[in-house]
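These notes are about the structure you will find just below.
The values are calculated or read from the model by the stated rules, or taken from the named source; none is laboratory data. The model shown is predicted, which means the values in this text are computed figures rather than measured ones. Every residue, glycine as well, gets a Cβ built from its backbone with ideal geometry; the counts of neighbours run over all protein chains shown.
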Amino acid sequence: MSNILEITGLTKHFGGLTAVSALDLHIAQGEILALIGPNGAGKSTVFNLVAGVYAPSEGVIHFKGKAIHGQKPWDLCRLGLARTFQIVKPFAGKTVLYNIMVGAFLHTNSTAKAREKAEEVMATLALDHLRDRLAGNLTIADRKRLEIGKALATDPELLLLDEVMAGLRPTEVDDMIGIIKGLRDRGVTVFVIEHIMRAVMALSDRVAVIHFGQKIAEGTPEDVTHDENVIKAYLGGDYDAA
Ligand SMILES: Nc1ncnc2c1ncn2[C@@H]1O[C@H](COP(=O)(O)OP(=O)(O)OP(=O)(O)O)[C@@H](O)[C@H]1O
């Protein structure tokens, strides 16, 4: 399996603060990789570096074999790399259909084609019954789905999901796990930041753990939840990995 994403020596300084430090990470094509760690560990900064929001201070990022660090988010999106945001910001006064069509216009100028793509995405995410609902009137769970829908409409090969389970009820978390696995089954490689360990365990092929911007563990969900450093830094002594 080839690597769709390869990160080498990635470092980001914000003034005197090093948010990400000499990080090496890869994601194989078709894999689901979770990035976990305590608040302020540097997870969102890693996403922002990969998605082109920030340029790295040091290090390189290769996507599909090509160096992409320093490129802008919209150019990366055109190459097949899309992301969701932790704080979702849809066009609240516009419908679900409209919001998803905005993503689809990345690859077409045709309203009919954008609509067709949006219909396909809404079906995938079980959002079709909400197509005419204003985004501002959606529940949290449906807003999270819409956030994924907006990204999915750009036809990503690699999808970065930033805490899409946050604020969801347990049954909604289960639904979201099913949706994300479904995306992978359709050929999308998935990179998630997630705090809900039950979801991390159910979803991920591999997990990378960062603490103070540095990778402290990497492996299967079982491996990392039994790792002493991870328990100490993140999961806590009461965590039951069994
Ligand atoms: N634009 C910025 N300017 C200055 N400092 C920043 C900036 N973005 C992040 N930081 C700092 O970098 C560190 C890592 O932050 P980051 O948001 O990446 O952590 P995180 O692991 O995503 O946290 P959380 O789980 O709370 O979302 C923190 O100390 C944060 O305050």
List every residue pair whose Cβ atoms sit under 8 Å apart, with the two residues 6 or more apart in sequence or on different chains, where the first one lies in segment 70-82 and is under 13 Å from F47 (Cα atoms) and the second, anywhere, is of a type in the set (K, R) and not in a loop (DSSP other than H, G, I, E, B). P73/R83
When residues of segment 10-19 are limited to those that are out of contact with any Asp or Glu (no Cβ under 6 Å at 6 or more places or on another chain) and assigned to a strand (DSSP E or B), the one nearest to K43 (Cα to Cα): A19
Of all residues being away from the ligand (no atom under 16 Å from the Cβ), over 16 Å from the mean Cα position of the chain (by Cα) and not basic (K, R) in segment 44-67, which is farthest from A82 (Cα to Cα)? Just the residue, please. V60
Qualifying positions in segment 191-215 - farther than 20 Å from H13 by Cα, more than 12 Å from the ligand (Cβ to nearest atom) and either out of contact with any helix residue (DSSP H, G or I) (no Cβ under 9 Å at 6 or more places or on another chain) or not aliphatic (A, V, I, L, M) (or both): F191, R198, S204, D205, R206
Filter pass, A22 being of a type in the set (G, A, S), away from the ligand (no atom under 11 Å from the Cβ) and part of a strand (DSSP E or B): yes
Please indicate, with yes or no, whether at least one residue in segment 26-43 is within 14 Å of the ligand (Cβ to nearest atom), at pLDDT below 95 and either touching a Pro at 6+ places or on another chain (Cβ under 8 Å) or in a strand (DSSP E or B) (or both). no
Does at least one position in segment 168-190 carry a residue that is within 16 Å of the ligand (Cβ to nearest atom), closer than 22 Å to G42 by Cα and out of contact with any Pro (no Cβ under 9 Å at 6 or more places or on another chain)? no
Only one of (1) over 25 Å from I32 (Cβ atoms); (2) hydroxyl-bearing (S, T, Y); (3) outside any helix (DSSP H, G or I) does not apply to T154, and that is (1)
So for segment 59-69 (the condition being at pLDDT below 95, buried (at least 18 other Cβ atoms within 10 Å of the Cβ) and under 16 Å from T154 (Cβ atoms)), does at least one residue qualify? no
Go through the residues of segment 210-225 one by one and say whether even a single one is surrounded by fewer than 17 Cβ atoms within 10 Å (Cβ to Cβ), in contact (Cβ under 8 Å) with a residue 60 or more places away in the chain and closer than 27 Å to A19 by Cα. yes
Single match in E222, E218, E172 (criterion: of a type in the set (D, E, K, R) and not in a helix (DSSP H, G or I)): E218
Here is a check on your reading of the model: is N109 surrounded by fewer than 14 Cβ atoms within 10 Å (Cβ to Cβ), modelled with pLDDT under 95 and within 16 Å of the ligand (Cβ to nearest atom)? no
